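A quick write-up on the structure given underneath.
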Amino acid sequence: MPTGKAPLNIFIACVARTFLRCHIRTVKYHRESGQRQERQQKGNTMIGKLFKLVLFLIVVAFVGLIVFAYIGDLSPVQTDARQPVTLDVE
């Protein structure tokens, strides 16, 4: 004949399991929300990434312009050009 301890043990096990499930969900939720907040604080949002990309492209374009100005040969070829001119003076 059951003494009454078995249902109590089952009840305690169910309560403990339910508590652990809730606790694990809470921990996961806080961990995920904490990671989300860290990403937002680091600037890993889509707008932040777009801003960084535009800034990077501007810096690369500026550096490329400076390098092209120093290395690129933009001076024209100089030659003497002589052409006779006839003036109609009356």
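Numbers at a glance
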item: Arg82 paired with Ala16, simple spin-label distance in nm, labels 7 Å along Cα-to-beta-carbon; result: 11.1
item: Spin-label model distance (nm) - Ile24 vs Ala69, 7 Å beyond Cα toward Cβ; result: 6.3
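Since every read-out is calculated from the coordinates, none of them should be taken as a lab result. Just so it is clear, the structure is predicted and the values come from calculations on it, not from any experiment. Because the Cβ atoms are built from the backbone with ideal geometry, glycine has one as well, and the counts that use them run over all protein chains shown.
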